[in-house]
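Report on the structure given below.
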Amino acid sequence: MVPKSTGEVAILTGPPGAGKTTIARMAAEGSKSPAVHLHADDFWHFIKSGWIAPYLPESHAQNATVIEAVAQAACSYARGGYLVMVDGIIGPWFLGPFRTYAHESNLRLCYMILRPNLATALRRAQTRGGQALTETGPIESLHGQFCDLGPLERHVIDTSTQNAAATLQMVRDTMADDRFVLSA
């Protein structure tokens with residue numbers, strides 16, 4: 001048995017425009033304990049040849065490899081005693097590696113789905129800069145994938161009308177209890 005670690009992994013997921021990166025960064029920067037912010041998109045950008053847009057059906061094998069790398073990195077930091085805030089489009093279909101590594105290391109794994117309504121998600125996603133996804137079709141499709149999540153619906157935080165400070169407080173509140181814990 002692995003001794004209980006002081007670290008934990010918190011996954012902030014949801015569609016584009018949900019506020020994942022902003023909130024994960026703020027949570028890590030404002031943490032009272034050592035913290036890491038892993039931006040899952042960076043792991044896709046590490047691919048320099050043969051990259052496939054992750055929202056395309058033919059990207060499945062690539063996406064599974066990237067998620068495996070993100071999960072390993074997150075759990076490695078957590079085993080070192082860090083709070084790890086992972087942000088990215090990590091749907092329930094990608095939780096397997098996180099669950100496996102967290103279980104093997106006896107880590108607390110939180111899963112929070114930030115989900116604004118579609119109009120808010122589109123507005124936010126299409127007005128941000130950088131290399132962000134701004135195409136309506138893929139954003140609508142990704143938003144739809146985070147609707148009607150069955151038993152994981154209880155992990156949803158509606159960010160439609162909240163500013164970043166209010167969302168951050170809700171994330172902190174849910175991390176302080178076990179409502180969104182997948183394993184510990």
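Structural remarks
- Judged by the gyration tensor of its Cα atoms, with axes a ≥ b ≥ c, region 83-146 is prolate; a/c meets the 1.5 cut and a/b is the larger of a/b and b/c.
- On full extension, the segment bounded by Ala53 and Val156 gains 34.5 nm, given 0.36 nm per residue less the C-alpha separation.
- Amide H contacts of Arg108 (H built 1.01 Å from N, under 5 Å, at least 5 apart or other chain): Val9
- For the pair Glu29 and Ala61 in one chain, pulling the backbone fully straight at 0.36 nm per residue adds 8.2 nm over the alpha carbon distance.
- A cut-off under 15 angstrom between Cβ atoms defines the neighbours of Tyr101, and their net charge, with Lys, Arg +1 and Asp, Glu -1, is 0.
- Additional length obtainable on full extension of the chain from Thr136 to Leu118, 0.36 nm per residue less Cα span: 5.4 nm
- For region 1-75 and region 128-173, distance of Cα centres in Å: 15
- Rounded to 5, the percent of DSSP beta bridges in the chain classed as antiparallel: 10
- Overall form of the chain per C-alpha gyration tensor (a/c, 1.5; a/b vs b/c): oblate
No lab work stands behind these numbers, since they all come straight from the coordinates. All values reported here derive from a predicted model rather than from experimental measurement. Please note: Cβ atoms are built from the backbone with ideal geometry, for glycine as well, and neighbour counts cover all protein chains shown.
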